[in-house]
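One structure is given below, encoded as structure tokens.
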Amino acid sequence: MSKPPVFSRINISERLECPRRIRLLALVSALVASVVVISVILLFMGFNPFDVYGKMYVGSLGSSYSFKWVLTRTIPLALTAVGLLFTFRIRFWNIGGEGQIFMGAFAASAVALFSPEMSRPLTLSLMVVAGFAGGALWALIPGLFKVFRNMNETIVTLMLNYIAVRWVSYLQYSAWRDPSSLGFPKIRFFPQRAILPEVSGIHAGVYILIAIAVLTFVIFKYTKPGFRMSILGESDDTARYVRLKKTSLTLLSVAISGGICGITGMIQASAVNNTLNVSVSSGVGFTAIIISWLANMNPLICIFVSFLFSALSEGASYIQTVYQIPESIAMLIQSIVLLFVIGSTFFTRYSLSFREHEEPPPSGADMPGASELTTPAITEAETQKEEA
């Protein structure tokens, strides 16, 4: 009777291409698993999971006000994620989206606060250009260090975040502080000509987001620069073989990435805060890194993923108020969903195969009849030796 197979080895190999059904199955499985785990936690806390999920829907998409607020949160998140794609595509790990948002907001605010009187369209246009320039120049600092000194861009971009935050904090508490703020550390509000208009309750930044996302998609898919970026990201050897100008292409990608993040800062300062302050980013630069990976480096999918994440965040914040639960529990719910969804990407990037355990071949002494086969030969050899 044959023994059942024993699988003792797991082979992990990278997929050349993942079928769409595998991606969908992995995503659905991750969402179901996260819901199950969150439900168990809620039950242990004494809450009905179905009631909690219902309240999360009400708090995020259940009314026109909450829906508009989710869209408002989606805009900076998606736009920053789209900007980061330009550096991630060439394997330049830009962790400085936060700082680039601050510097873009700073440059745009300078135009809004100190430019001479001019029309609203011209003021907003100059603010967009200034925001792009501020973010691009700030991003070029680690880009130049990487290209000419081969310094680790992750560390440099991360450290520049703190410098940008401190700079804006200095402006808010000292240099640009409003003398008429009655002692409060705040910068004066922008004039009306420097505030983005609203359309159906949503500020015009949503149209900037859609335009940049579509343009980025076209660049990546249908233009030579986008194709060259993908080659540079795949292999340095291939880039050298086809004689790509690595230095100029890297700096161009980094500048565009920082510039788009800078436009995010301009939108937040103009349309949301109506001024410059240290809360202009609210951690968007770091969250956008996760969004870009979850979107599989697709600028259009970044918008959809950002919307879902914003809805999840708003829903978690709402149940925190309704059920009087700690903020840590609301953050835990978001973290569990992200953990499972990010973990599911492992199965879309790699395939698993199981190898059956093979018994080692028997040695010569253990073979049936080995003694009968070897004994006469040994005896004959000993006899010849004695005769000699």
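The values are calculated or read from the model by the stated rules, or taken from the named source; none is laboratory data. If you're wondering where the values come from, they're calculated on a predicted model, not measured in any experiment. Methodologically, a virtual Cβ is constructed for each residue, glycine included, from the backbone with ideal geometry; neighbour enumeration extends over all protein chains shown.
Whether any residue in the range 102-121 is surrounded by 18 or more Cβ atoms within 10 Å (Cβ to Cβ), over 16 Å from residue 187 (Cβ atoms), touching a helix residue (DSSP H, G or I) at 6+ places or on another chain (Cβ under 9 Å) and of a type outside the set (Phe, Trp, Tyr) is what I want to check. No, that holds for no residue.
The condition of being buried (at least 16 other Cβ atoms within 10 Å of the Cβ), aromatic (Phe, Trp, Tyr) and either over 14 Å from residue 257 (Cβ atoms) or in contact with a helix residue (DSSP H, G or I) (Cβ under 7 Å, 6 or more places away or on another chain) (or both) holds for residue 145.
Assigned to a helix (DSSP H, G or I) and touching a Lys or Arg at 6+ places or on another chain (Cβ under 9 Å) - does that describe any residue in the range 25-33? No, the range 25-33 has no match at all.
Considering each residue of the range 249-265 in turn, none proves to be over 28 Å from residue 196 (Cα atoms) and not in a helix (DSSP H, G or I). Would you confirm whether any residue within the range 187-206 is under 29 Å from residue 160 (Cβ atoms), among the basic types (Lys, Arg) and either at pLDDT below 90 or in a helix (DSSP H, G or I) (or both)? There is no residue in the range 187-206 that is under 29 Å from residue 160 (Cβ atoms), among the basic types (Lys, Arg) and either at pLDDT below 90 or in a helix (DSSP H, G or I) (or both). Going by the conditions given, is residue 211 at pLDDT 95 or above, closer than 21 Å to residue 78 by Cβ, touching a helix residue (DSSP H, G or I) at 6+ places or on another chain (Cβ under 6 Å) and in a helix (DSSP H, G or I)? Judged against the criteria, residue 211 is not a match. In the set (1) exposed (fewer than 15 other Cβ atoms within 10 Å of the Cβ); (2) under 30 Å from residue 262 (Cβ atoms); (3) among the hydrophobic types (A, V, I, L, M, F, W, C), the condition left unmet by residue 81 is number (1).
Among the residues making up the range 272-293, those that are in a helix (DSSP H, G or I), crowded, with 22+ Cβ neighbours inside 10 Å and of a type in the set (A, V, I, L, M, F, W, C) are 284, 288, 291.
Screening residue 137 against (1) touching a Gly at 6+ places or on another chain (Cβ under 8 Å); (2) within 22 Å of residue 305 (Cβ to Cβ); (3) surrounded by fewer than 22 Cβ atoms within 10 Å (Cβ to Cβ) leaves a single unmet condition, (2).
Kindly indicate whether residue 89 is in contact with a strand residue (DSSP E or B) (Cβ under 9 Å, 6 or more places away or on another chain), surrounded by 11 or more Cβ atoms within 10 Å (Cβ to Cβ) and either touching a residue at least 40 places away in the same chain (Cβ under 8 Å) or of a type outside the set (Phe, Trp, Tyr) (or both).
Details: in contact with a strand residue (DSSP E or B) (Cβ under 9 Å, 6 or more places away or on another chain): no; surrounded by 11 or more Cβ atoms within 10 Å (Cβ to Cβ): yes; either touching a residue at least 40 places away in the same chain (Cβ under 8 Å) or of a type outside the set (Phe, Trp, Tyr) (or both): yes.
No: the conditions fail for residue 89.
On the stretch given as the range 10-43, residues that are in contact with a Pro (Cβ under 6 Å, 6 or more places away or on another chain) and among the β-branched types (Val, Ile, Thr) total 0.
Could you tell me whether the range 79-86 includes any residue that is touching a Gly at 6+ places or on another chain (Cβ under 6 Å), farther than 12 Å from residue 254 by Cβ and in a helix (DSSP H, G or I)?
Start the filter on the range 79-86 by keeping residues that are touching a Gly at 6+ places or on another chain (Cβ under 6 Å), which leaves 80, 84.
With farther than 12 Å from residue 254 by Cβ added as a condition, the list becomes 80.
Subsequent filtering for residues that are in a helix (DSSP H, G or I) retains 80.
Scanning the range 79-86, I find at least one residue that is touching a Gly at 6+ places or on another chain (Cβ under 6 Å), farther than 12 Å from residue 254 by Cβ and in a helix (DSSP H, G or I), so the answer is yes.
Out of all the residues in the range 226-252, which are loosely packed, with under 13 Cβ neighbours inside 10 Å and either of a type in the set (D, E, K, R) or touching a Leu at 6+ places or on another chain (Cβ under 9 Å) (or both)? Correct list: 237, 238, 240, 243, 245. Output yes when any residue across the range 102-120 is in contact (Cβ under 8 Å) with a residue 24 or more places away in the chain, in contact with a Gly (Cβ under 7 Å, 6 or more places away or on another chain) and not hydrophobic (A, V, I, L, M, F, W, C), and no when none is. The answer is yes; a qualifying residue exists.
Residues are listed down the side, and each one gets a yes or a no for (1) more than 16 Å from residue 268 (Cα to Cα); (2) surrounded by 16 or more Cβ atoms within 10 Å (Cβ to Cβ); (3) in contact (Cβ under 8 Å) with a residue 40 or more places away in the chain; (4) more than 31 Å from the chain's Cα centre (by Cα):
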residue: 165; (1), (2), (3), (4): no, yes, yes, no
residue: 171; (1), (2), (3), (4): yes, yes, yes, no
residue: 177; (1), (2), (3), (4): yes, yes, no, yes
residue: 187; (1), (2), (3), (4): no, yes, yes, yes
residue: 196; (1), (2), (3), (4): no, yes, yes, no
residue: 203; (1), (2), (3), (4): no, yes, yes, no
residue: 206; (1), (2), (3), (4): no, yes, yes, no
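With the structure loaded, tell me whether residue 267 is surrounded by 21 or more Cβ atoms within 10 Å (Cβ to Cβ), among the hydrophobic types (A, V, I, L, M, F, W, C) and either touching a Pro at 6+ places or on another chain (Cβ under 7 Å) or modelled with pLDDT under 85 (or both) or whether it fails that test. Judged against the criteria, residue 267 is a match.
Residue 370 falls short on exactly one of the conditions (1) at pLDDT 90 or above; (2) surrounded by fewer than 16 Cβ atoms within 10 Å (Cβ to Cβ), and that condition is (1).
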